[in-house]
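The values are calculated or read from the model by the stated rules, or taken from the named source; none is laboratory data. The structure presented is a predicted model; accordingly, all values stated were derived computationally and were not measured. Don't worry about glycine lacking a Cβ; one is built from the backbone with ideal geometry, like all the others, and counts go over all protein chains shown.
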C-alpha cells in the first residue's frame, strides 16, 4: 500500500511539473548591446535573446533616445531564423542614453514585456 501511495504521488508531481513547463513565458535572456552597458562604438542593431521562441509578427523591439524619440528602423525580425532571437536595426547613434523596450508573444501565446538601457560614449 505504501509503494502505491508513493507511485501516485510521483505521478501527481510529474503532471504538475509538466503543466508548469507548458506555460512558460519568453523573457529576456541577454542582449547586444548588453543590458546597462556603456559602449564606445554605437551599435547598428539591437539583438535580444529570449528564453523561449517568440512570434515575430506579434513582437517588437523599440529603441528610444534620451528625449523619448523612437530611433530604431521599425524592422523587428528574427535573427537568421533563430526562433528565440529578435533584432531591430538602428541608424548611426550619437553619444547618449538609449532605452530599449520590448514586447513579445511567445509561441505558446503568452505575452511578456520589459526594457533596459545602454549608453553610447
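Quick notes on this one:
- Residue ranges of strands (runs of 3 or more DSSP E) in region 59-115 with at least 3 members in contact with a helix residue (DSSP H, G or I) (Cβ under 7 Å, 6 or more places away or on another chain) and at pLDDT below 95: none
- Residues of region 26-40 that are within 17 Å of residue 90 (Cα to Cα) and without any contact (Cβ under 8 Å) to a residue 60 or more places away in the chain: 32 alone.
- When residue 66 is tested against (1) closer than 16 Å to residue 26 by Cα; (2) surrounded by fewer than 14 Cβ atoms within 10 Å (Cβ to Cβ), only condition (1) is not met.
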